[in-house]
1. If you take just the helices (runs of 4 or more DSSP H) that sit entirely in the stretch 125-207, which of them hold at least 1 residues that are touching a Pro at 6+ places or on another chain (Cβ under 9 Å), open to solvent by less than 70 Å² (accessible area, probe 1.4 Å) and modelled with pLDDT of 85 or more?
2. Working only within the stretch 1-28, note down all residues that are among the charged types (D, E, K, R) and closer than 20 Å to Asp63 by Cβ.
3. What are the residues in the stretch 89-116 that are in contact with a helix residue (DSSP H, G or I) (Cβ under 7 Å, 6 or more places away or on another chain) and closer than 25 Å to Val189 by Cα, if any?
4. Give Ala100, Ala90 a once-over and let me know the one that is open to solvent by 30 Å² or more (accessible area, probe 1.4 Å), within 18 Å of Trp69 (Cα to Cα) and hydrophobic (A, V, I, L, M, F, W, C).
5. If you go through the stretch 1-44, how many residues are charged (D, E, K, R), within 19 Å of Ile78 (Cβ to Cβ) and in contact (Cβ under 8 Å) with a residue 40 or more places away in the chain?
6. Looking at Pro39, Pro27, Pro50, can you tell me which residue is in contact with a helix residue (DSSP H, G or I) (Cβ under 9 Å, 6 or more places away or on another chain) and open to solvent by 30 Å² or more (accessible area, probe 1.4 Å)?
Amino acid sequence: MPAIRALLVDDHRVVGDAIARLLRDAPDIEVVAQATSGPEAVVLARRLRPSVILMDLGMPGMDGVETTWMLRRQFPSIPVIILTMFDQEAYVREAFRAGASGYLVKTATAGELLRAVRAVHAGEVVAPTLGRPAALPAPGTGPKFSRREVQVLQLIVGGDDVRAAAAHLRLSPHTIRNHLKSIYRKLGVGGRVEAAVHALRLGLVKA
């Protein structure tokens, strides 16, 4: 069976790369390209004709809703999943009015993301339970991180795996895993993608 060909659209390259790595781990999904703006997404969709488009909501210039509206009118057979940090009802309604087939918060688990991609590809609609904003604490508030935890988090956000981070910091992989467990617990997340998204949004690390 042909792989599901996914186009990712996110103006934050680090977040897009994290999601791309997650999708590439699935044997039935191929990431054909990544765009960092709405206009670029339209050009790539026209050239590559992906099976599914994953769209960031908050982009400067042509935002995710406007881009979705344009894509759905030019390529009605390609479903679009909105990926965002917010699941308030107003955002969800606006996305579906633009023609989105799915709406998912970026803090979703890897399993939820993969199921959503497969579902919209099969012609289903993926909608969140409304009324639960995926809120993050304001920068400078929330849990405190040690200097070493921030170093580990910066390396993980930059794309290092456990062994690479261990080599950079001259620590054992076991120590890195322990730091990651502490980071995940403080952020309230279950993995590297969610940690990267939260860390960037909170300004804990730089892209």
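The values are calculated or read from the model by the stated rules, or taken from the named source; none is laboratory data. Remember, predicted model here, so these are calculated numbers, not experimental data. So basically every Cβ, Gly included, is an ideal-geometry build from the backbone, and we count neighbours across all protein chains shown. For the accessible areas, the whole protein counts, side chains as well, though only heavy atoms, and no ligand, DNA or RNA atoms are used. Shrake-Rupley method; radii C 1.70, N 1.55, O 1.52, S 1.80 Å.
1. 162-169, 173-187
2. Within the stretch 1-28, Asp10, Asp11, Arg13 qualify.
3. Gly102, Tyr103, Leu104, Lys106, Thr107, Ala110, Leu113
4. Ala90
5. Of the residues in the stretch 1-44, 3 are charged (D, E, K, R), within 19 Å of Ile78 (Cβ to Cβ) and in contact (Cβ under 8 Å) with a residue 40 or more places away in the chain.
6. One residue alone meets the criteria, Pro39.
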